[in-house]
1. Round to a whole number: what % of the accessible area of region 92-141 belongs to carbon and sulfur, probe 1.4 Å?
2. Between region 52-68 and region 100-117, how far is it from one alpha carbon centroid to the other, in angstrom?
3. Contact order normalised by length for region 24-129, with contacts defined as Cα pairs under 8 Å and 6 or more residues apart; what percent is it?
4. Quick one: what do you get for the chain if you divide its Cα Rg by 2.2 N^0.38 Å?
5. Relative contact order of the chain, please, whole-number percent, based on alpha carbon pairs below 8 angstrom and at least 6 residues apart.
6. Which shape class, rounded, prolate or oblate, goes with region 22-126 when its Cα gyration tensor gives a ≥ b ≥ c as root eigenvalues, a/c under 1.5 marks rounded, and past that a/b bigger than b/c marks prolate?
7. Solvent-accessible area per residue for region 1-114 at a 1.4 Å probe radius, Å²?
Amino acid sequence: SDLSLANDSGASNADGITNDGTVNVNGIDSDATWEYSINSGNWVAGTGSSFVVSGLDGQKTIQVRATDIAGNVSVASSSFTLDTSVSQPVLSLANDSGALSNDLLTNNGTVNVNGVDSDATWEYSINSGNWVAGTGSSFVVSGSDGLQSVQVRITDLAGNVLVSSPLGRKSTRLNSSH
């Protein structure tokens, strides 16, 4: 038998990183029965030509055992990384210079982006504009004074995407004359 991911969603279609735990089982004789085991767990009877690995994210080792009508047994194994989630980024002003330390009023448009997974890339959007590739751990909102709505979109290696709520769930007022 031959095992393959139904959707290797990682950076390449052969890196063994996926957000979809469906495993295809191919090459089983039509007169054979098969079962599978995940991470050396109990054997589970298989049906059809696939099964789904679920549960906690991380490295998964799978085995499929096929037994034909004559009692011949063949075993195939494979490993992959299941990654079904991406961490929520934390957005904050580098300097909330308003009257209160949390009023989201500032004369410095630097927005800090923290909590991005090490295998992820991020982009930002200002006032629902185009997404711009982010680098480092911050970006600068510039332009005219007034309400500025900022969001960050995270994409991890497995293809999971998360769009943040706007900063502080309310807009940031940029005031360069403050």
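1. Values: 1210 of 2670 Å².
In region 92-141, the share of accessible area belonging to carbon and sulfur is 45 percent.
2. Centre-to-centre (Cα) distance: 43 Å.
3. Computed value for region 24-129: 18 percent relative contact order.
4. Values: Rg = 24.1 Å, N = 178, 2.2 N^0.38 = 15.8 Å.
Cα-based Rg divided by the globular estimate yields 1.53.
5. Details: 403 pairs, mean separation 33.6, N = 178.
Relative CO of the chain lands at 19 percent.
6. Numbers: a/c = 5.56, a/b = 4.80, b/c = 1.16.
In terms of gyration-tensor shape, prolate.
7. Working: 6020 Å² over 114 residues.
For region 1-114, the per-residue accessible area is 53 Å².
The values are calculated or read from the model by the stated rules, or taken from the named source; none is laboratory data. These numbers were taken from a predicted model, which means no experiment stands behind them. When the accessible area is computed, the model is the full protein with side chains, heavy atoms only, and any ligands, DNA or RNA have been set aside. Shrake-Rupley method; radii C 1.70, N 1.55, O 1.52, S 1.80 Å.
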